[in-house]
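Input: a single structure, listed below in structure tokens.
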Amino acid sequence: MSDINVTPLVDVMLVLLVIFIITAPLIASSIRLDLPQSAAARPSESVRAVTLVVDRTGTVFVNDVALVGPNLLKHLQEVARQHPDTELQLRADSAVPYGRMVEIIGVAQQAGLNRVGFVADGPGAGAA
């Protein structure tokens, strides 16, 4: 009999394929974080901050003033020019789409504001 039996080769290749399928997502998405641990972490009082609010309709308010389109970029560029270390505190309604938030963060980074903080209510906080 001069034929080569390929069944063991196929079995080994399928096992290797399954191993790669299982381990590839773990390798690609592993993010190593070394965060400090504190039960009472609070933002620093010395940090300059601008509050940016996005309501349910997607309207953007900077320090309670509604800004649309290029006005948002101009305002944030002015803030970044005056104080480059300013933190942008982002408050958004839970119904705001993820894509809209990415656009707003992109505008802030384009303006030169790279410090972005996400503000959320703690557990048990009711709607106002």
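The values are calculated or read from the model by the stated rules, or taken from the named source; none is laboratory data. Bear in mind that the values here come from a model prediction, so they are computed numbers and not experimental data. As a convention, Cβ positions derive from the backbone with ideal geometry for all residues, glycine included, and neighbour counts pool all protein chains shown.
One residue stands out among those in the range 112-122 that are in contact with a strand residue (DSSP E or B) (Cβ under 7 Å, 6 or more places away or on another chain) and farther than 18 Å from VAL79 by Cα: the one that is surrounded by the fewest Cβ atoms within 10 Å (Cβ to Cβ), which is PHE118. The criterion of at least 1 residues that are loosely packed, with under 12 Cβ neighbours inside 10 Å and modelled with pLDDT under 85 is met, among strands (runs of 3 or more DSSP E) falling completely within the range 1-111, by 65-67.
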